[in-house]
Amino acid sequence: MKIVLATRNNHKIKEIKALFSDRDIKFLSLKDFSDIPEIIEDCDSFEGNALKKARIVAQHTKEIALADDSGLMVDVLDGMPGIYSSRYAGEDATDDENNVKLLTAMAGIPFKERGAKYRCVMAVVFPSGEEEI
């Protein structure tokens, strides 16, 4: 079985391959397909972004596509940065820049009130059009 991972992130590719190392699955990634356009994560939810990526990749490759969207949701910031976690400090921000912006936003907030959760939504889209989240 082949599954195309809707990412170019080497760390994410390595993690997913490790999770399924005991299965007979050949994983490909966006790095294996030069004709797939950059996918803009412009939906208003983790689910929407993951599904959008998986749909586009399945359509272009005619293979099973697996995509995710994830982020940090800080309670005191009403769930922000959420879907904007990777670009919280700007479209081309580094992890360090995002962290600085987040810590600045929480300046003065006691540590015991800095609760947060990490959320990851995965979507798989089959060439037949079937979808699972």
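The values are calculated or read from the model by the stated rules, or taken from the named source; none is laboratory data. These numbers were taken from a predicted model, which means no experiment stands behind them. Positions of Cβ are generated from backbone atoms using ideal geometry, with glycine treated the same way; all protein chains shown enter the neighbour counts. Only protein heavy atoms, including side chains, enter the accessible area calculation; ligands, DNA and RNA are left aside. Shrake-Rupley method; radii C 1.70, N 1.55, O 1.52, S 1.80 Å.
Residue-by-condition table, conditions (1) more than 30 Å from ALA58 (Cβ to Cβ); (2) aliphatic (A, V, I, L, M):
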| residue | (1), (2) |
| --- | --- |
| SER70 | no, no |
| MET73 | no, yes |
| SER86 | no, no |
| THR94 | yes, no |
| PRO110 | yes, no |
| SER128 | no, no |
| GLU132 | no, no |
Residue within the stretch 30-48 that is in a helix (DSSP H, G or I) and among the aliphatic types (A, V, I, L, M) present: yes
Unmet requirement for LYS31, which otherwise passes all of (1) over 21 Å from ILE133 (Cα atoms); (2) loosely packed, with under 11 Cβ neighbours inside 10 Å: (2)
Residues of the stretch 77-89 satisfying the condition of being open to solvent by less than 60 Å² (accessible area, probe 1.4 Å), modelled with pLDDT of 95 or more and not polar (S, T, N, Q): LEU77, GLY79, PRO81, GLY82, ILE83, TYR88, ALA89
Checking ARG87 against (1) touching a residue at least 12 places away in the same chain (Cβ under 8 Å); (2) in contact with a strand residue (DSSP E or B) (Cβ under 9 Å, 6 or more places away or on another chain); (3) not acidic (Asp, Glu), the condition it does not meet: (1)
Any hit, the stretch 91-104, residues being out of contact with any His (no Cβ under 6 Å at 6 or more places or on another chain), loosely packed, with under 14 Cβ neighbours inside 10 Å and in contact (Cβ under 8 Å) with a residue 24 or more places away in the chain: no
Scan of the stretch 75-124 for residues that are hydrophobic (A, V, I, L, M, F, W, C), assigned to a helix (DSSP H, G or I) and over 18 Å from ILE40 (Cα atoms), ordered by number: VAL76, LEU77, VAL100, LEU102, LEU103, ALA105, PHE111
Looking only at the stretch 115-124, and only at residues there that are without any contact (Cβ under 8 Å) to a residue 60 or more places away in the chain and open to solvent by 60 Å² or more (accessible area, probe 1.4 Å), the one that is nearest to LYS12 (Cα to Cα): TYR118
Boolean, GLY71 is open to solvent by less than 30 Å² (accessible area, probe 1.4 Å), assigned to a loop (DSSP other than H, G, I, E, B) and over 18 Å from VAL124 (Cα atoms): no
Filter result for PRO127 (part of a loop (DSSP other than H, G, I, E, B), open to solvent by 40 Å² or more (accessible area, probe 1.4 Å) and touching a Ser or Thr at 6+ places or on another chain (Cβ under 9 Å)): yes
